[in-house]
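Remarks on the structure that follows.
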Amino acid sequence: TAQECHDIETKVGGRAKLIEMVANPALTGFTAPKILWLKNHEPKNYAKVAHILLPKDYIRFRLTEEFATDASDASGTLLLDVKARQWCKPLIDRLDIKMSVLPKVFESEDVTGVLTEEAAKLLGLKKGVPVVGGAGDQAAGAVGNGIVKRGIISATMGTSGVVFAHSDDVQIDPAGRVHTFCHAVRGKWHVMGVVLSAGGSLQWYRNQLAHAEMTDGKRLKTDPYNLITEQAAEAPPGCEGLFFLPYLTGERTPHADPNARACWIGLSLRHGRSHMIRSIMEGATFAMRDSLEVINSMNIPIREIRLSGGGARSDFWRQMQADVYGRRVSLINTEEGPAFGAALLAASGTGKYKSVVEACTAAIKVVSSTDPQAEAKRIYTKSYPMFGKLYKALKNEFLDIAKIVSES
């Protein structure tokens, strides 16, 4: 959908104008470019479209027979006026999309319908159970981590990586390096940076280059990741000048470059498997820091960083995150993330709590913290600028490589 993204920005008068309208640039993962792709490539199927729903909203329809969405999830369609928290009619009209195909937008804790008799029978529940708006996965995860107040940031190191900051006001990066979406907290927003292959880079290494560790893991009845990270710990912080750019699937923040590609840079005879593994973990963490740096540059305070995802379960990677970010990082008393956040939204919407903030305050507590190690922090502070320079040095070459691949 790269062409459709270009077309959207052209139709509204450029990237800056689009960011002014919907707070974000056109990116290939958003819904609007996919709608236009269907319209351009499968016009017969597009002509049959009666309603457009996001995945969770289709489930809602099956539960309630209501066509509805919530402001946080709708923000990722590129069709929402994020400031007004309603559909952006001027953009929708320019893209020649019918307003009638889009669902009504609710706040995440609002009751959007009730369980129908048919759905109740299928699920073994009572007819009339209320169904609230819910949220997009990252907004729900933020609620589940208690990221509902200014100054509390989450850093989720999963297959992809997400740095998420609550904001009381609409704060937009003019360069479009981070997303500005509606939060799942009524009348609030969030700023979010996304690393497409964070833990996914280590997963790629496991699947492609760690067959011995996978075999040993089965024999020893342990997770192969434990064996992989044990090897990583044998290499020193900074990996003696070895860098890994974790762009296996392109990159979102801060480069918005689908052509970016992963690579090791700085390999020498002194480097072994331990350096290569650790450099992957460092590269993913440097990429997460990119988002933190953008958020910090927008004058959004960073008083506390809460970790989640697979990278938070590893003592080694948790310490590395503290060292690379140069800040204390914390763990909370729950790991359910988005599912727990959705439950808190339901509890708020049905009267258990007066607000989402009250629900999070009651249910979520910090249970441990990790401080950066002075020497590792010093090394990473010195290495981080080089990580950024490497992408800039290779940006044009990544484009040339993409052209070679497309023409072969």
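Here, each number is a calculation from the coordinates, and none is a lab measurement. Predicted model, so just to flag it, every value in this text is computed and none were measured. All Cβ positions, glycine included, derive from the backbone under ideal geometry; neighbour counts span all protein chains shown.
Collect the residues in region 238-251 that are surrounded by fewer than 19 Cβ atoms within 10 Å (Cβ to Cβ) and part of a loop (DSSP other than H, G, I, E, B), keeping them in residue-number order.
Thr249
Check every one of the helices (runs of 4 or more DSSP H) wholly within region 310-356 and list those with 1 or more residues that are more than 17 Å from Val162 (Cβ to Cβ), of a type in the set (D, E, K, R) and touching a residue at least 12 places away in the same chain (Cβ under 8 Å).
Counting at least 1 such residues, we get 315-325.
Only one of Leu345, Leu292 is under 30 Å from Asp223 (Cβ atoms) and touching a helix residue (DSSP H, G or I) at 6+ places or on another chain (Cβ under 7 Å); which?
Values: Leu345 fails: under 30 Å from Asp223 (Cβ atoms).
Sole residue among the options that is under 30 Å from Asp223 (Cβ atoms) and touching a helix residue (DSSP H, G or I) at 6+ places or on another chain (Cβ under 7 Å): Leu292.
Among the listed residues Pro224, Pro254, which satisfies the condition of being of a type outside the set (S, T, N, Q) and under 19 Å from the mean Cα position of the chain (by Cα)?
On inspection, the qualifying residue turns out to be Pro254.
Among the residues of region 30-45, is any farther than 17 Å from Asp93 by Cα, surrounded by fewer than 18 Cβ atoms within 10 Å (Cβ to Cβ) and in contact (Cβ under 8 Å) with a residue 12 or more places away in the chain?
no
So, in region 314-336, of the ones that are among the basic types (Lys, Arg) and under 11 Å from Gln373 (Cα atoms), which residue ends up surrounded by the fewest Cβ atoms within 10 Å (Cβ to Cβ)?
Taking region 314-336 as the starting set, the residues that turn out to be among the basic types (Lys, Arg) are 318, 327-328.
Then drop every residue that is not under 11 Å from Gln373 (Cα atoms), which leaves 327-328.
Numbers: Arg327: 20, Arg328: 13.
Filtering region 314-336 for residues that are among the basic types (Lys, Arg) and under 11 Å from Gln373 (Cα atoms), the one surrounded by the fewest Cβ atoms within 10 Å (Cβ to Cβ) comes out as Arg328.
Filter region 364-379 for residues that are out of contact with any Phe, Trp or Tyr (no Cβ under 8 Å at 6 or more places or on another chain) and outside any strand (DSSP E or B) and give the result.
Looking only at region 364-379, we keep the residues that are out of contact with any Phe, Trp or Tyr (no Cβ under 8 Å at 6 or more places or on another chain), and these are 364-371, 373-379.
Scanning region 364-379 gives Ile364, Lys365, Asp371, Gln373, Ala374, Glu375, Ala376, Lys377, Arg378, Ile379.
Of the residues Ser100, Ser72, which single one is more than 25 Å from Val170 (Cα to Cα) and among the polar types (S, T, N, Q)?
Numbers: Ser72 fails: more than 25 Å from Val170 (Cα to Cα).
It is Ser100.
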